[in-house]
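Colleague: Have a look at the structure that comes next, please.
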Amino acid sequence: MDKDLSKRLFRSVGVPTPDWLMAPATGNVVDVALGWPVVVKPNKQGSTVGLGVVHEAGRLQDAIDEALRFDDEVMLERFIPGREFTVGVLEAVALPPGEIIAPGKVFDYESKYQSGGA
């Protein structure tokens, strides 16, 4: 799994994906390129391991450091507010969509796997 490579491939064939940068990046760069809030996550992890949502430049490096605990590459991605849905695909057949309703503000690792989660 490589989120950066995947997003590059998506864009190359016209699939929309939120803008992103790879760390290191300063708060000023994020402010101009992505805006706030920004999603910070390990590039090659799944299950939202090490994911954080940062609302201001002063907290950016802490989130990057947390993501670096799980990977040597960190992605900073534009936060897209809205409802979250998932659609499974089984043998080229799309299954019915399901809405993800997390108990907190972010569908993170705890929401996925802990008791009382989404």
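Colleague: Suppose we filter GLY58, GLY14 for residues that are in a loop (DSSP other than H, G, I, E, B) and either open to solvent by 80 Å² or more (accessible area, probe 1.4 Å) or not hydroxyl-bearing (Ser, Thr, Tyr) (or both); which single one remains?
Modeller: None of the others qualify; the one that does is GLY14.
Colleague: Scan segment 65-89 residue by residue and report those that are open to solvent by less than 80 Å² (accessible area, probe 1.4 Å), over 13 Å from GLN45 (Cα atoms), touching a residue at least 24 places away in the same chain (Cβ under 8 Å) and not charged (D, E, K, R).
Modeller: If the condition is that a residue be open to solvent by less than 80 Å² (accessible area, probe 1.4 Å), over 13 Å from GLN45 (Cα atoms), touching a residue at least 24 places away in the same chain (Cβ under 8 Å) and not charged (D, E, K, R), then LEU76, PHE79 are the ones that fit.
Colleague: Can you find a residue in segment 18-28 that is in a helix (DSSP H, G or I) and either among the polar types (S, T, N, Q) or in contact with a His (Cβ under 6 Å, 6 or more places away or on another chain) (or both)?
Modeller: Yes, because at least one residue in segment 18-28 is in a helix (DSSP H, G or I) and either among the polar types (S, T, N, Q) or in contact with a His (Cβ under 6 Å, 6 or more places away or on another chain) (or both).
Colleague: May I pose another question? So, in segment 61-87, of the ones that are part of a loop (DSSP other than H, G, I, E, B) and charged (D, E, K, R), which residue ends up nearest to PRO16 (Cα to Cα)?
Modeller: Taking the candidates together, the pick is ARG83.
The values are calculated or read from the model by the stated rules, or taken from the named source; none is laboratory data. Here the structure is a predicted model, which is why all the values come from computation and not from measurement. Note that each Cβ is placed from the backbone with ideal geometry, even for glycine, and that neighbours are counted across all protein chains shown. Remember, those area values only see protein heavy atoms, side chains included, never the ligands or the DNA or RNA. Shrake-Rupley method; radii C 1.70, N 1.55, O 1.52, S 1.80 Å.
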